[in-house]
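Novice: Encoded as structure tokens, here's the structure I'll be asking about.
The values are calculated or read from the model by the stated rules, or taken from the named source; none is laboratory data. Because the structure is a prediction, the values reported are computed rather than measured. Ideal geometry is used to build each Cβ from the backbone, glycine not excepted, and the neighbour counts take in all protein chains shown.
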Amino acid sequence: MNSYAPLLAALIALLAGLAIGKAWERYKLRGGTWIDRRRARQSPHYILGLNFLVSNQIDLAIEELSHAASLDAEALEVHMILGNLYREKGQVGKAITVHQSLLQRARLSRVEHAYVLLCLGLDYKRGGFVDRAVEAFNEVLRLDPKNEYALVNLQKLHEEQHQWIEAYDTRQRLTKLAAIESQPQSQAILAFLENEIGLEAMRRKDYPEAVRHFQAALDLDARAIPAYLNLGDVRVAEGKEKDAVTIWETLVEIAPDRAYLTFDRLEAHAVRSGSPDRFTKLCERLIEENPQDWRARLALARHLISDGSPQGALDLLFAALVQNPHALSIHQAIWRTLGQLRHPQTLVDRYGDLTEHAVFYLDPHVCMRCRYRSTELLWQCPHCHDWNTFVEERIAPAQDSTEVEV
């Protein structure tokens, strides 16, 4: 029995330590009275506030959480949530006041201090106080160098100010912290930032520097589409048009869905070099590989119109219209072509049949993250500031390609 005494004593000491720890976690001595730290969180106001928050009823959530906070002025997490709700509501001044008052508390832990500063930085960012927001996020990173939220927001602030080098450096820090599965996304963002740095060098006519950054973008992500376009443009500016054509044709091979971004460039070169058939063959190959490629049909039709072949162009445009009846650019090309042909009645009737249920679609590009709409393809969303999130949205599915007669 005596042999079990030390073990029993150790077990009792462990249980006592756990009990004391739990009590210390839950209770706090204030003004000679022990205060229950969980009181605010266990109140019905706190639970109701969270329920309203989940259902996106911000005003009711603020009301209930304010009641919960009044039960215990020391309930740090309740006050932080309340401040964040004020910010989401657009009441930035109130949010700043709440979070600044939390920073004045004595004996905040390092983690708590960093989190309150992060909330304050978000307040400043929402209010447009850029310098203060940058200062707050940098202070968070001093306290917690691995705080990914602070790094992400700091990167976005630099991007909004077009401080591309600073944004790139911040994204590099994030990449080192990112999990393996998210590395490709970080590499893609770094590629877009390299492209922006290259564009700045291009505007300064520092072509070697621009080439270096565009090439670095492609090394990071082979599908960094704007880097191909801009690298080709630099080569043209340097008088190396053949190199530019090779770069743009590489884009067509790697991303045929974005090939249309090169059409104007490749067509202009084909005409200047006296080999317009090269562009014709490119469009025909893309149509053959993807019968639903209405943009290749539109580009080829425009090329034929400029070459004096409006009848062949109209057939291509009608086929493109079947694939995307809502594209205004197709309708405009058809109107111009019918005008050149002096509006033959049979062709006008055919056009009328094809467009009976069509609606002109002026802003077909939509951000997959925030649903922002745009008339053109953007590489960075001006609303949520994410990179490469735009896709082309159709009102109705395209008709079966077997119905198209070219």
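Novice: Any chance you could count how many residues in segment 279-293 are more than 18 Å from Gly308 (Cβ to Cβ) and either at pLDDT 95 or above or part of a helix (DSSP H, G or I) (or both)? Show your work before the answer.
Specialist: Residues of segment 279-293 that are more than 18 Å from Gly308 (Cβ to Cβ), as a first pass: 281-282, 284-293.
Checking the rest, the ones that are also either at pLDDT 95 or above or part of a helix (DSSP H, G or I) (or both) come to 281-282, 284-289.
So the answer is 8.
Novice: To continue, here is another question. Tell me which residues, restricted to segment 237-256, are in contact (Cβ under 8 Å) with a residue 12 or more places away in the chain and not in a loop (DSSP other than H, G, I, E, B).
Specialist: Within segment 237-256, the first condition is being in contact (Cβ under 8 Å) with a residue 12 or more places away in the chain, and the residues that meet it are 237-238, 241, 244-245, 247-252, 254-256.
Scanning segment 237-256 gives Ala237, Glu241, Ala244, Val245, Ile247, Trp248, Glu249, Thr250, Leu251, Val252, Ile254, Pro256.
Novice: Restricting attention to segment 175-198, which residues are of a type in the set (A, V, I, L, M), in a helix (DSSP H, G or I) and surrounded by fewer than 19 Cβ atoms within 10 Å (Cβ to Cβ)? Full working, then the answer.
Specialist: Of the residues in segment 175-198, the ones of a type in the set (A, V, I, L, M) are 177-180, 188-191, 193, 197.
Checking the rest, the ones that are also in a helix (DSSP H, G or I) come to 177, 180, 188-191, 193, 197.
Once the filter is applied, which keeps residues that are of a type in the set (A, V, I, L, M), in a helix (DSSP H, G or I) and surrounded by fewer than 19 Cβ atoms within 10 Å (Cβ to Cβ), segment 175-198 yields Leu177, Ile180, Ala188.
Novice: So, one more: With aliphatic (A, V, I, L, M), under 19 Å from Arg105 (Cβ atoms) and part of a helix (DSSP H, G or I) as the only criterion, which of Ala69, Ala61, Ala73 stands out? Steps first, please.
Specialist: Values: Ala61 fails: under 19 Å from Arg105 (Cβ atoms); Ala73 fails: part of a helix (DSSP H, G or I).
Only one candidate passes the filter, namely Ala69.
Novice: List the number of the failed condition for Gly83; all other conditions in (1) part of a helix (DSSP H, G or I); (2) free of Cβ contacts under 8 Å to residues at least 40 places away in the same chain; (3) not charged (D, E, K, R) hold.
Specialist: With (1) part of a helix (DSSP H, G or I); (2) free of Cβ contacts under 8 Å to residues at least 40 places away in the same chain; (3) not charged (D, E, K, R) applied to Gly83, the lone miss is (2).
Novice: So, one more: Given the options Gln332, Gln292, Gln340, name the one that is closer than 24 Å to Thr375 by Cα, loosely packed, with under 15 Cβ neighbours inside 10 Å and not aliphatic (A, V, I, L, M). Please lay out each step first, then the result.
Specialist: Details: Gln292 fails: loosely packed, with under 15 Cβ neighbours inside 10 Å; Gln340 fails: closer than 24 Å to Thr375 by Cα.
Testing whether each residue is closer than 24 Å to Thr375 by Cα, loosely packed, with under 15 Cβ neighbours inside 10 Å and not aliphatic (A, V, I, L, M) leaves just Gln332.
Novice: How many residues are surrounded by fewer than 13 Cβ atoms within 10 Å (Cβ to Cβ) and more than 24 Å from Pro276 (Cα to Cα) if we restrict to segment 300-327?
Specialist: Final tally of qualifying residues: 0.
Novice: Continuing with this model, one more query. Of all residues being aromatic (Phe, Trp, Tyr) and surrounded by fewer than 20 Cβ atoms within 10 Å (Cβ to Cβ) in segment 123-173, which is nearest to the chain's Cα centre (by Cα)? Just the residue, please.
Specialist: Looking only at segment 123-173, we keep the residues that are aromatic (Phe, Trp, Tyr), and these are 124, 129, 137, 149, 164, 168.
So of that shortlist, the ones also surrounded by fewer than 20 Cβ atoms within 10 Å (Cβ to Cβ) come out as 129, 149.
Values: Phe129: 22, Tyr149: 16 Å.
This residue is Tyr149.
Novice: Quick one: which of Ala201, Ala270, Ala210, Ala259 is farther than 27 Å from Glu148 by Cα, hydrophobic (A, V, I, L, M, F, W, C), in contact with a Pro (Cβ under 6 Å, 6 or more places away or on another chain) and assigned to a helix (DSSP H, G or I)? If you could, list the steps in order and put the result at the bottom.
Specialist: Values: Ala201 fails: in contact with a Pro (Cβ under 6 Å, 6 or more places away or on another chain); Ala210 fails: in contact with a Pro (Cβ under 6 Å, 6 or more places away or on another chain); Ala259 fails: in contact with a Pro (Cβ under 6 Å, 6 or more places away or on another chain).
Unique residue meeting the criteria: Ala270.
Novice: For residues that are part of a loop (DSSP other than H, G, I, E, B) and not small (Gly, Ala, Ser), tally how many sit in segment 213-236. Give the steps one after another, and end with the answer.
Specialist: Taking segment 213-236 first, the residues part of a loop (DSSP other than H, G, I, E, B) are 221-224.
Now restrict to residues that are not small (Gly, Ala, Ser): 221, 223.
Count: 2.
Novice: From (1) over 35 Å from the mean Cα position of the chain (by Cα); (2) assigned to a helix (DSSP H, G or I), pick out the condition that doesn't hold for Arg342.
Specialist: In the conditions (1) over 35 Å from the mean Cα position of the chain (by Cα); (2) assigned to a helix (DSSP H, G or I), Arg342 misses (2) alone.
Novice: For segment 105-123, does any single residue satisfy the condition of being assigned to a helix (DSSP H, G or I), within 22 Å of Tyr86 (Cβ to Cβ) and without any contact (Cβ under 8 Å) to a residue 12 or more places away in the chain? Quick ask: steps written out before the conclusion?
Specialist: Within segment 105-123, the subset assigned to a helix (DSSP H, G or I) is 110-123.
Remaining after also requiring within 22 Å of Tyr86 (Cβ to Cβ): 112-123.
Among the residues that remain, those that are also without any contact (Cβ under 8 Å) to a residue 12 or more places away in the chain are: none.
No: zero hits.
Novice: If you go through segment 264-283 one residue at a time, do you hit one that is surrounded by 15 or more Cβ atoms within 10 Å (Cβ to Cβ), hydrophobic (A, V, I, L, M, F, W, C) and within 27 Å of the chain's Cα centre (by Cα)?
Specialist: Looking for residues that are surrounded by 15 or more Cβ atoms within 10 Å (Cβ to Cβ), hydrophobic (A, V, I, L, M, F, W, C) and within 27 Å of the chain's Cα centre (by Cα), one finds none in segment 264-283, hence no.
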